[in-house]
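The values are calculated or read from the model by the stated rules, or taken from the named source; none is laboratory data. Treat the numbers as computed from the prediction; the structure is a model and nothing was measured. Please note: Cβ atoms are built from the backbone with ideal geometry, for glycine as well, and neighbour counts cover all protein chains shown. Note: areas computed on protein heavy atoms with side chains; ligands, DNA, RNA excluded. Shrake-Rupley method; radii C 1.70, N 1.55, O 1.52, S 1.80 Å.
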Number of protein chains: 2
Amino acid sequence: MEKATAVTGRTSADSSRDIPEATVARLPIYLRALTTLSEQGTGTCSSEELAVAAGVNSAKLRKDLSYLGSYGTRGVGYDVEYLRYQIAREIGVTQDWPVVIVGIGNLGQALANYSGFRSRGFRVVALLDADPARRDEVVAGVEVQAFDNLEQIVGDHGVAIGVIATPAVAAQDVADRMVACGITSILNFAPIVLSVPDQVDVRKVDLSIELQILAYHEQRKAATA
Amino acid sequence: MEKATAVTGRTSADSSRDIPEATVARLPIYLRALTTLSEQGTGTCSSEELAVAAGVNSAKLRKDLSYLGSYGTRGVGYDVEYLRYQIAREIGVTQDWPVVIVGIGNLGQALANYSGFRSRGFRVVALLDADPARRDEVVAGVEVQAFDNLEQIVGDHGVAIGVIATPAVAAQDVADRMVACGITSILNFAPIVLSVPDQVDVRKVDLSIELQILAYHEQRKAATA
């Protein structure tokens, strides 16, 4: 353990310091920007370049990266591959996260097919749906199974993260079943606020929120035009 | 004008003050929480109740609402319906926003069917796809048309907001065509950074970001367990 720490640097798991929640929320954005830079063949980048690629200001970026102990090299900047690794390790996406998706409508299918999950370490181990008519369908190479298989799948694969893509009316029941069988993180696409115990993390995705933010700016543009 | 202002209060369009971007991003969350409270038959709520429903702390909530000139009534709290109206007006979702969606895969279909768009004033006026095989399909009551109809549809309906749900390789071309025909706000679901002129707003939706935030916390839970 001592040795591993010396080689790989401080791991997030060792660390007792907390990264501010707003910084945590930006780490995936930096990771994506670094992945793009890497794919373009960029070896090193300045904080300004990375800030532009990520769409944040460079002072905020430097502050965020300082929580990871990443300061770059004066006159050279950041090593793209290494910083990418540091951030991925900090987030935890250097490990494999088995994920189960419940609700295989258009959204569930889009999520199952979403390449951005696989490339970040999220592996969809099961697609579950309450509708018997969907049984045995194969989506993105994964067979659709009965929702009643949830407990067994979570146990077999050690699933910690569940994705709810059901209609709103079904979502709380799905969440209750997930929590009961040991899932401790839920990504909720259903348009309702889930009630879960304190130790369970829920993140809501509301696809209309970004549209509303655009509308706000659009309205102001129209007012000044 | 003077009179309208007196009746409805200051409108966002009149106002010269800027609301901080972080507050703007939370307004849709308050709106959703208020809609839920309203549907539950709640007439008034304290800032604490609303903060819990929205998942933010109440000091931040009060500060955010103060930008809208909303302070509630001492000992009574906020009038749910009125505050909901104030926020909806501030965001701009009391008006009708014609929207065009390009790319009718699973994600595009999920978006076309998403009830959360319609209920917030976003009206999908056209679904466009480059694939001739998709032509004349009807999704959520809207006919799929050729992408080449973009310019005419944007002109006919006064579309200001475009949604890109195409694969990454097609997204920049779609954005260029949108900008050329007058679209000034783009919601981008494709996993690439779009290059657009300064006066065009782009919001990216990366469906994996919330999963990565869950992974971060999940990793920390595992480390402390």
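Worth a mention:
- For the residues A:160, A:180, A:175, the requirement of being of a type in the set (A, V, I, L, M, F, W, C), open to solvent by 40 Å² or more (accessible area, probe 1.4 Å) and more than 15 Å from residue A:108 (Cβ to Cβ) singles out A:180.
- Sole residue being within 11 Å of chain A (Cβ to nearest Cβ) and over 18 Å from residue A:106 (Cα atoms), chosen from B:155, B:108, B:121: B:121
- Residue satisfying condition, being more than 13 Å from every other protein chain (Cβ to nearest Cβ), among the hydrophobic types (A, V, I, L, M, F, W, C) and assigned to a helix (DSSP H, G or I), within set A:126, A:222, A:170: A:170
- For the range B:180-219, the candidate set comprises residues that are within 7 Å of chain A (Cβ to nearest Cβ) and assigned to a loop (DSSP other than H, G, I, E, B); within that set, the residue that is nearest to the chain's Cα centre (by Cα) is B:205.
- Condition check for residue A:83: buried (at least 20 other Cβ atoms within 10 Å of the Cβ) and within 9 Å of chain B (Cβ to nearest Cβ): no
- Pair list, Cβ < 7 Å and 6+ apart or interchain, from the range A:212-223 residues that are over 15 Å from residue B:162 (Cβ atoms) to residues that are open to solvent by 10 Å² or more (accessible area, probe 1.4 Å) and β-branched (Val, Ile, Thr): A:212/B:93
- Residue B:140 falls short on exactly one of the conditions (1) away from chain A (no Cβ under 14 Å); (2) over 23 Å from residue A:193 (Cβ atoms); (3) touching a residue at least 12 places away in the same chain (Cβ under 8 Å), and that condition is (1).
- Enumeration of residues in the range B:189-225 that are among the polar types (S, T, N, Q) and open to solvent by less than 50 Å² (accessible area, probe 1.4 Å): B:208, B:212, B:219
- Here residue A:75 clears all of (1) of a type outside the set (A, V, I, L, M); (2) over 24 Å from residue B:221 (Cβ atoms); (3) touching a residue at least 12 places away in the same chain (Cβ under 8 Å) except the condition numbered (3).
- Matching residues, the range B:103-120, being without any contact (Cβ under 8 Å) to a residue 40 or more places away in the chain, open to solvent by less than 20 Å² (accessible area, probe 1.4 Å) and touching a Ser or Thr at 6+ places or on another chain (Cβ under 9 Å): B:116, B:117
- The range A:22-56, residues that are loosely packed, with under 11 Cβ neighbours inside 10 Å, modelled with pLDDT under 90 and not aliphatic (A, V, I, L, M): A:39, A:40
- Residue among A:163, A:144 that alone is part of a strand (DSSP E or B), in the same structural domain as residue A:183 (by TED's automatic domain parsing), of a type in the set (Val, Ile, Thr) and more than 19 Å from the chain's Cα centre (by Cα): A:144
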